[in-house]
Amino acid sequence: MHRKSLSRVAINAPYTVWMAIFVLVPIALVVYYAFTDAAGRFTLQNVASIVDYSHTFFTSLELALISTAICLVLAYPLAYAISRMHVKRQSTMIMLVMLPMWMNFLIRTYAWMTILEGNGLINRAVRALGGEGFHMINTNGAVVLGMVYNFLPYMILPIYTVLTKIEQSTIEAAQDLGANRVNIFRRVLLPMSVPGVISGITMVFVPAVSTFVISKLLGGGKTFLIGDIIENYFLGNTGTVDYNIGAALSLVLMILILISMAIMNHFDKDASAGGIM
Amino acid sequence: MKALSKVYNFLIFAFLYAPILVMIVYSFNADKSRTQFGGFSLRWYTELFHDQVILKSLYISLALALLSALIATIIGTIASVGIHAMRGAPRRAYLAVNNIPVTNPDIVTAISMMILFVFFVTKLNGMEMGFGTLLISHITFNIPYVVLSVLPKLRGLNSNIYEAAQDLGCPPVPAFLKVVIPQISQGIVTGFIMAFTLSLDDFVISYFNSGSTAQTLPVTIYSMTKRPYSPKINALSTLLFLAVMALLLIVNFRRSGDQKKEVHS
């Protein structure tokens, strides 16, 4: 018995030590920096300075929520259509959904610059047809487009996974009992696909709310997101380096995401307790 | 309705692939213009293969992905065995810590490790930011994914076989290597591949933890996007796209072979 527990400690040692030093200590350091000043004295100033950035937090939340909503609306019909296809065709379609995901997101975002810019492909096409051309790049709209484009597959895949588990006979049974399309969607498909929708929302919302690359490339420095501010405070590309405020902002971002995930999980429990069974 | 659905699917896929198509077309552009197409040329591919910065960062990315995936797979697999044997609160605590790098936004993971490294550089005057810090940070975000892919395989394992091997006189470590590892090899391979691709694809964590001596390919690409436009990026992206497509096709063919065997299990 004693030997067994000893070997158990030995088995866990590398992982325990690694995760403690490189996951837990860094998080503790973020908290420490957030509540101290440059000299290491305790202060609430950093956390309080978040008020100065409430506008940026609001913009980040707003753009991330809009992108998540658009992704959900775009992804659901496609995920459903794929889930009703022949099994062989399903795997081809899913591979087509995943393929762009495997490209680095920097490249995917960069590609949109060519399409959107003032002298880009869309504007050239519009002008060739005699139009005026639009201002698209360096707007909030372009940032939302970049988020939707980058994260759409993350919404399609989990929704597809739950929808594919719903048997066609379930839908037919609802039809036989007189449900129309709207009712089948509202009372059969949607409740049964809640877990997929929730993981899709999380997988889109978290990277969208914390991005700094999409806003840099497609927002052109006009759209500042919370990720941009954090990046600036740590790397100081266009301002002063201040780990303390940067850590405070990161801490708030982390808590914000934890809260939104708790809310999402709550919905998930409600749905499964709500009695599909 | 069916036709409508087909049109809709087509539009979504057009949206997903249009930018990639644009990039591929413009990688063969003879002009340096971003939008004006001046005839077919392989000029940017030639320049790409003469760009030492890009080649060096590609080499660093591959070495980093391979090393970090390998180390993470070893640590993660051993840890999975340990976590599998746990019950109750300790198990929940380990799984919660395991989930931190998975659920935290990349930027938070990145800056938390950066603080740690800077803390040690300034306070202990130890190492400098470079390949070492990159490797540590990549191993750290890879380990949880290995655990998440190995752990479910252990659940279906019959622990009696391992004990039987020991009863028959096999020492614990060889028994583990010969009995347990082959049974969970599928999860280990999946974990390794996942760790490898995550590491290769990562930008945010490398960006904060690379320093100036060792830059990964995504970090180099990012600095290229900030400089005046060069179609070299398009050429590079096209090659990466083709590589990914080839890899996915191979994996898919292999898996469709496996699926035939276990589609109803």
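Hydropathy at least 1.6 by Kyte-Doolittle, axial extent at least 20 angstrom from the Cα trace: which helices of chain A, defined as entire DSSP H runs, fit?
Helix filter hits for chain A: A:190-209.
Greater than 24 Å separation of Cα atoms is the criterion. Which listed pairs, A:Lys222/B:Lys56; B:Lys32/B:Lys226; A:Lys216/B:Lys6, meet it?
Values: A:Lys222/B:Lys56 33 Å; B:Lys32/B:Lys226 16 Å; A:Lys216/B:Lys6 35 Å.
Going by Cα-Cα distance, A:Lys222/B:Lys56; A:Lys216/B:Lys6 fall outside the 24 Å limit.
How much FRET efficiency would the formula 1/(1 + (r/R0)^6) give for B:Leu21 and B:Asp167, where r is the Cβ-Cβ distance and R0 is 45 Å, rounded to 0.05? Don't skip to the end; give the middle numbers.
Numbers: r = 62 Å, r/R0 = 1.38.
Using R0 = 45 Å, I get an efficiency of 0.15.
Kindly state, to the nearest 0.05, the FRET efficiency for B:Gln36 paired with A:Arg41, given R0 = 56 Å and r defined as their beta-carbon distance.
FRET efficiency, B:Gln36 to A:Arg41: 0.45.
Rounded to the nearest angstrom and ordered from largest down, what semi-axes does the equivalent ellipsoid of the range B:1-41 get from its C-alpha gyration tensor (root of 5λ)?
32, 8, 7
Can you list residues whose amide H is under 5 Å from A:Thr36's amide H, if they're 5+ apart or on another chain and H is modeled 1.01 Å from N?
Long-range HN contacts for A:Thr36: A:Thr43.
Of the listed peptides A:99-107, B:158-166, what is their order by residue-averaged count of other C-beta atoms within 10 Å, with the highest listed first? Working shown, then result.
Working: A:99-107: 20.6, B:158-166: 13.1.
Order by mean packing, descending: A:99-107, B:158-166.
Quick one: Debye curve from the C-alpha atoms of chain B, no solvent, what's log10 I(q)/I(0) at q = 0.09, 0.13, 0.15 Å⁻¹?
-0.60, -1.05, -1.21
Based on the Cβ-Cβ distance of B:Met86 and B:Gln52, what FRET efficiency does E = 1/(1 + (r/R0)^6) give at R0 = 41 Å, to the nearest 0.05?
The calculated FRET efficiency here is 0.25.
Return the average number of partner chain Cβ atoms within 10 angstrom of each residue Cβ along peptide B:11-21.
Mean inter-chain Cβ contacts per residue within 10 Å come to 6.
How large is the Kirkwood hydrodynamic radius of chain A, in angstrom, based on all distinct alpha carbon pairs? Kindly include the intermediate steps, with their values, before the conclusion.
Details: mean 1/r = 0.0452 Å⁻¹.
This gives a value of 22.1 Å.
Which of rounded, prolate or oblate describes the protein assembly as shown when judged by the alpha-carbon gyration tensor and an a/c cut-off of 1.5?
rounded
Any idea how far apart B:Tyr8 and A:Arg84 come out in nm if each label point goes 7 Å out from Cα toward Cβ?
About 0.9 nm separates the two model spin labels.
If we sort A:177-189, A:223-235 on the protection proxy, mean other Cβ atoms within 10 Å, highest first, what's the order?
For the peptides A:177-189, A:223-235, the packing ranking is A:223-235, A:177-189.
Taking K and R as +1 and D and E as -1, what net charge do the other residues with C-beta under 13 Å from the C-beta of B:Tyr94 add up to?
Computed value for this residue: +4.
How many Cβ atoms of partner chains, on average, are near each residue of B:230-242 if near means within 10 Å of its Cβ?
Values: counts 0, 1, 0, 4, 4, 0, 2, 7, 1, 0, 4, 6, 0.
Partner-chain Cβ atoms within 10 Å, mean over residues of B:230-242: 2.
Where Lys and Arg each count +1 and Asp and Glu each count -1, what net charge lies around B:Met23 among other residues with Cβ under 13 Å from its Cβ?
+3
What residues from the range B:7-25 fall in the zone where the backbone N is under 17 Å from a label point 7 Å along the Cα-to-C-beta line of B:Ala243?
It comes to B:24, nothing else.
Quick check: the angle from helix B:88-103's long axis to the longest principal axis of chain B, C-alpha only, nearest 10 degrees?
The angle comes out near 10 degrees.
Compute the distance from the alpha-carbon center of the range A:213-253 to that of the range A:124-173, in whole Å.
Their Cα centres are 27 Å away from one another.
For chain B, take the longest principal axis of its alpha carbons; what is the angle in degrees between that and the long axis of helix B:185-201, to the nearest 10 within 0 to 90?
Value to nearest ten degrees: 30.
Using the count of nearby Cβ atoms within 10 Å as a rough guide to exposure, how do B:Met224, B:Met245 rank from fewest to most?
B:Met245, B:Met224
Could you work out the mean count of beta carbons from other protein chains within 10 Å of each residue's beta carbon in A:10-21? Don't skip to the answer; put the middle values down first.
Values: counts 2, 9, 9, 3, 8, 14, 4, 1, 9, 11, 1, 3.
Mean shielding by partner chains, rounded to a whole number: 6.
Restricting to DSSP loop positions (anything but H, G, I, E, B) with no more than 12 other Cβ atoms inside 10 Å of their own Cβ, which trypsin sites (Lys or Arg not before Pro) remain in the range B:1-97?
B:Arg87
Read-outs: derived from the displayed coordinates by stated rules, not from any lab. Predicted, not measured: the structure shown is a model, and the values here were computed from it. Cβ coordinates were reconstructed from backbone atoms using ideal geometry, including for glycine residues, and neighbour counts include every protein chain displayed.
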